Amino acid sequence: MIRPEISARQIGMQGQPLAIVDGFHPDPDALRTHAATHAFEQGRNHYPGLRAPLPAGYLAAIRPALTAVLSGVFYHNAGFATIDASYAMVTIPADRLTLAQRLPHVDAVDPGRIALVHYLSPERRDGTAFYRHRATGTETVDAVHAPDYYARLNAELARDGLPEPSYIAGSTPLFEQIAQVEARYNRAVIYRSASLHSGLIAPDTVLSEDPLQGRLTITAFLLLD
């Protein structure tokens, strides 16, 4: 079995930790085969695509690499709970995106929440990008500053108009891209859920509903003890 390769970065002015793990799962081909034989359903919470349950042994298989990341990159040596984990495929065309799907977002404002994206498409390179809100300098959204951040953002949208229906790609008048992680087969990116981020979905990306052809990933959300 190939040993996972872990690299650490600090992103933005706040230096938030981010981990990149290559060789994340011992058998990514088996995950693709499993995904291809299971039904996907529409995602919740603004996710622009489909989700499906994972095989029972997934979390056990990634636990050694994940534990090493939490200890070595996030300096967390206690346990964690899995809030949610599933296959995920972006499938919604750009012209059908809601406003929330056209902007960088956070998954939670709790600093103890961690997000994970595991890339499972051999030919895809559209990974994940991270952003700073220009007007406020916000890179992570916490419970204290969330009301001000969203008030400022909503005021800008009301004043300047809504962004065109498209997936965000690079910097915009409202947001500066501060980091990006390229997708590679069996790579995972792990970061704080409170970091402003978005999937990197190129305009020419084929948004297939077939797991063997589309942008197949696994997403998971953790809560640190």
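The values are calculated or read from the model by the stated rules, or taken from the named source; none is laboratory data. Values in this document were obtained by computation on a predicted structure and should not be read as measured data. All Cβ positions, glycine included, derive from the backbone under ideal geometry; neighbour counts span all protein chains shown. Keep in mind that these areas ignore ligands, DNA and RNA; they rest on the heavy atoms of the full protein, side chains included. Shrake-Rupley method; radii C 1.70, N 1.55, O 1.52, S 1.80 Å.
Miscellaneous remarks
- When the residues of the stretch 187-222 are filtered to those that are among the aliphatic types (A, V, I, L, M) and not in a loop (DSSP other than H, G, I, E, B), the one that is farthest from Q10 (Cα to Cα) is L216.
- Between A94, A88, the distinction of being within 25 Å of A68 (Cβ to Cβ) and touching a Phe, Trp or Tyr at 6+ places or on another chain (Cβ under 7 Å) belongs to A88 only.
- Here Y87 fulfils each of the conditions (1) in a strand (DSSP E or B); (2) open to solvent by 30 Å² or more (accessible area, probe 1.4 Å) apart from (2).
- Apart from one condition, L120 fits all of (1) surrounded by fewer than 20 Cβ atoms within 10 Å (Cβ to Cβ); (2) in contact with a Leu (Cβ under 7 Å, 6 or more places away or on another chain); the exception is (1).
- Among (1) surrounded by fewer than 19 Cβ atoms within 10 Å (Cβ to Cβ); (2) farther than 19 Å from D210 by Cβ; (3) modelled with pLDDT of 95 or more - the single one A30 does not satisfy: (2)
- Residue in the stretch 175-186 that is open to solvent by 40 Å² or more (accessible area, probe 1.4 Å), touching a helix residue (DSSP H, G or I) at 6+ places or on another chain (Cβ under 8 Å) and assigned to a loop (DSSP other than H, G, I, E, B) present: yes
- Scan of the stretch 33-67 for residues that are open to solvent by 50 Å² or more (accessible area, probe 1.4 Å), within 16 Å of A220 (Cβ to Cβ) and of a type outside the set (D, E, K, R), ordered by number: N45, P53, A56, L59, A60, P64, T67
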